[in-house]
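What follows is a single structure, written as structure tokens, with notes after it.
Nothing in this text is a laboratory measurement; each read-out follows from the coordinates by a stated rule. Nothing here was measured: the structure is a model prediction, and the numbers come from that model. For neighbour counting, all protein chains shown are included, and Cβ atoms are generated from backbone atoms with ideal geometry for every residue, glycine included.
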Amino acid sequence: MTQSEKFCKPCSRSGSSSVAVKHCHDCEETLCSDCFQVHDTFKPLLTHRITDLGGTGAHAFLRSKFCIEHPGSKMEYYCTAHTCLCCKSCIEDGHRSCVKVNPIDVASKGVKTSAEFNDFVKTIAIMKKTVFQLTEKTHQNKEDLNDNKAKIKKRIQKFKSNVLKRIDSIEIELMAEVDSVFSNIISEAENEVNIIDQQAEHINEMCNQYEYLEKNGTDSDLFVVLKSNSKNIAQNLEDLKVALKSRAQTEVSFQKSNLISEINSLGTITVDSINEEGFYINETGFTADTVSKRRQNYVPTRFKLDKTFLVSENNAEIEITGVGVTRNDRLILCNKLSAKLMIYSSKIQYLSELALAGKTMGYNRPTGFGRSMGFYPGKKLYSACRCGLHECRPTNKSS
């Protein structure tokens, strides 16, 4: 509704301003309570169609009756060739050559029983369910975060009681880190709730609009609303589907360290985002066939660590000439006296050996290069191998 439509038009013409409470479709004017009483006293006007402006659906309908491109011009025609509503100015500007341009009264016949309107109603209902699901998941995530925060702090405090006084300063840093992580996540959740609430309000407005017009409006009125919204409704639904499928459940956990031997750290705070995939929408609503995937974002604490470990347990000859670390935190050791790379985990646990084409002098993973390379002494050779997230294996490429 425009600013002028919020006020009584007869009063505005007489130089005063009164808030409009009714709209007469036949007179095409908004009326205040006093002017409506006068309007209702004349017998010829008793058959006029009156809309109460107290409902949100009525306000939205009045907005859709007027052309966006030509403010103040009423939508009076429908162009079948371009599938769009038109005012008189639209016809003059771009639809003179169009053959199938009908008045809305003609084009809207039977719209309430049309398949397009039935699909429109179903789509709105599905969108409403989608927003409800998004709202529920976001609110639940926020509540779980608050509970999880309290549990983690209790675990940290319990763990602290078993260690020396030396960790007091480290505890303060870690607790501040927990507060910072949760503060950021909860703040993002609150922002998402606000955005979803706005979407829900918009969808409820559309629901109120078509429900009102379906019961009380004419075919022309409903037709205008249907055509005004149908172009964007499909894209809006797809956006909501994507938003629901990509909704991540955030979890935060605390991993304690081996504090008895390594008093430099209490542990790390990890943030797990669980994307629940498999949500899809059909005519009946939601089917929750979900597959949870975890993504861990490690937030390391500040500490220094000295670690010594036994490279060989079988008295094999070893001369380490190269050390590297893969993207998945695998420690790679090059043994000059062997044609194998030794692979250890991030906790310095031996995992496996990787056989190469010859004895290696060094190991390197160039920036931007998807493979790691072992270099052979005395030869212009290298052997490439993949060290991905789950495995290390040769690629049979040498040069």
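Computed from label points 7 Å out along Cα-Cβ, the spacing between residue 97 and residue 157 is 7.8 nm. Cross-link check: pairs 88/231; 158/245; 74/241; 100/245; 137/160 evaluated at a Cα-Cα cut-off of 31 Å; pairs beyond the cut-off: 158/245; 74/241; 100/245; 137/160. One decimal place: the segment residue 350-residue 139 gains 71.6 nm when fully extended, by the rule 0.36 nm per residue minus the C-alpha distance. For residue 216 and residue 74, the FRET efficiency from 1/(1 + (r/R0)^6), where r spans their Cβ atoms and R0 equals 22 Å, is about 0.65.
Hydrodynamic analysis of region 75-208 uses the Kirkwood radius over alpha carbon pairs. Inserted into Stokes-Einstein at 10 °C and 1.306 mPa s, it gives a translational diffusion coefficient of 78 µm²/s. Modelled this way, with points 7 Å down the Cα-to-C-beta line, the labels at residue 232 and residue 122 are 2.4 nm from one another.
The H on the amide N of residue 325, modeled in the peptide plane, is under 5 Å from the matching H of 332, each at least 5 residues off or on a different chain. Give the long-range amide H neighbours of residue 252: residues separated by 5 or more places, or on another chain, with amide H under 5 Å away, using H modelled in the peptide plane at 1.01 Å from N. Amide H neighbours of residue 252, under 5 Å, 5+ apart: 272. Under the simplified labelling scheme, the residue 175-residue 7 pair shows an inter-label distance of 6.1 nm, with each label point 7 Å from Cα along Cα→Cβ.
Using a Cα-Cα cut-off of under 18 Å, which aspartates and glutamates could be cross-linked to residue 154, ignoring same-chain neighbours fewer than 8 residues away? Within the straight-line cut-off, residue 154 pairs with 143, 144, 168, 171, 173, 177, 179, 251. How would region 187-247 be classified by its alpha-carbon gyration tensor: rounded, prolate or oblate, with rounded meaning a/c under 1.5 and the a/b versus b/c comparison settling the rest? Taking the square roots of the gyration eigenvalues as a ≥ b ≥ c, region 187-247 is prolate.
Each part reduced to its alpha carbon centroid, region 113-149 and region 165-244 end up 9 Å apart.
Stretched out straight at 0.36 nm per residue, the stretch from residue 88 to residue 195 would grow longer than its current Cα-Cα span by 34.8 nm.
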